[in-house]
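The values are calculated or read from the model by the stated rules, or taken from the named source; none is laboratory data. Bear in mind the structure is a predicted one, so any value in this text is a computation, not a measurement. Quick reminder, even Gly has a Cβ in these numbers, built from the backbone with ideal geometry, and neighbours come from all protein chains shown.
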Amino acid sequence: MAFPKHADFVVIGAGIHGLSCAWRLAEKLTEAGENVEGRIVVLDKSGIAS
């Protein structure tokens, strides 16, 4: 997967808290009628839930 050149939201950490934050943010944006595709990036130094 290529690293995106732009993101509106960047969540640092792909543990339970970071992923929950990203998930809830996506839900809220969707509820507001906004497109979430490509707007949220989750970064972690080692991997998801590691």
**Report entry** Inter-residue pairs, beta-carbon under 7 Å, first free of Cβ contacts under 8 Å to residues at least 12 places away in the same chain and closer than 13 Å to residue 10 by Cα and in segment 30-50, second surrounded by 11 or more Cβ atoms within 10 Å (Cβ to Cβ) and small (Gly, Ala, Ser), 6+ apart
**Finding:** 36/26
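Per-residue answers, yes or no, for (1) in contact with a strand residue (DSSP E or B) (Cβ under 9 Å, 6 or more places away or on another chain); (2) at pLDDT 95 or above:
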{"site": "2", "(1), (2)": "no, no"}
{"site": "12", "(1), (2)": "yes, yes"}
{"site": "19", "(1), (2)": "yes, yes"}
{"site": "29", "(1), (2)": "yes, yes"}
{"site": "34", "(1), (2)": "no, yes"}
{"site": "38", "(1), (2)": "no, no"}
{"site": "48", "(1), (2)": "yes, no"}
Query raised in the report: Which one of these does residue 11 not meet: (1) in contact with a Gly (Cβ under 8 Å, 6 or more places away or on another chain); (2) part of a loop (DSSP other than H, G, I, E, B); (3) surrounded by 13 or more Cβ atoms within 10 Å (Cβ to Cβ)?
Result: (2)
Requested in this report: Return the total of residues in segment 32-50 being of a type in the set (Asp, Glu) and under 14 Å from the mean Cα position of the chain (by Cα).
Outcome: 2
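Which residues, taken from segment 14-50, are assigned to a strand (DSSP E or B) and touching a Phe, Trp or Tyr at 6+ places or on another chain (Cβ under 8 Å)?
40, 41
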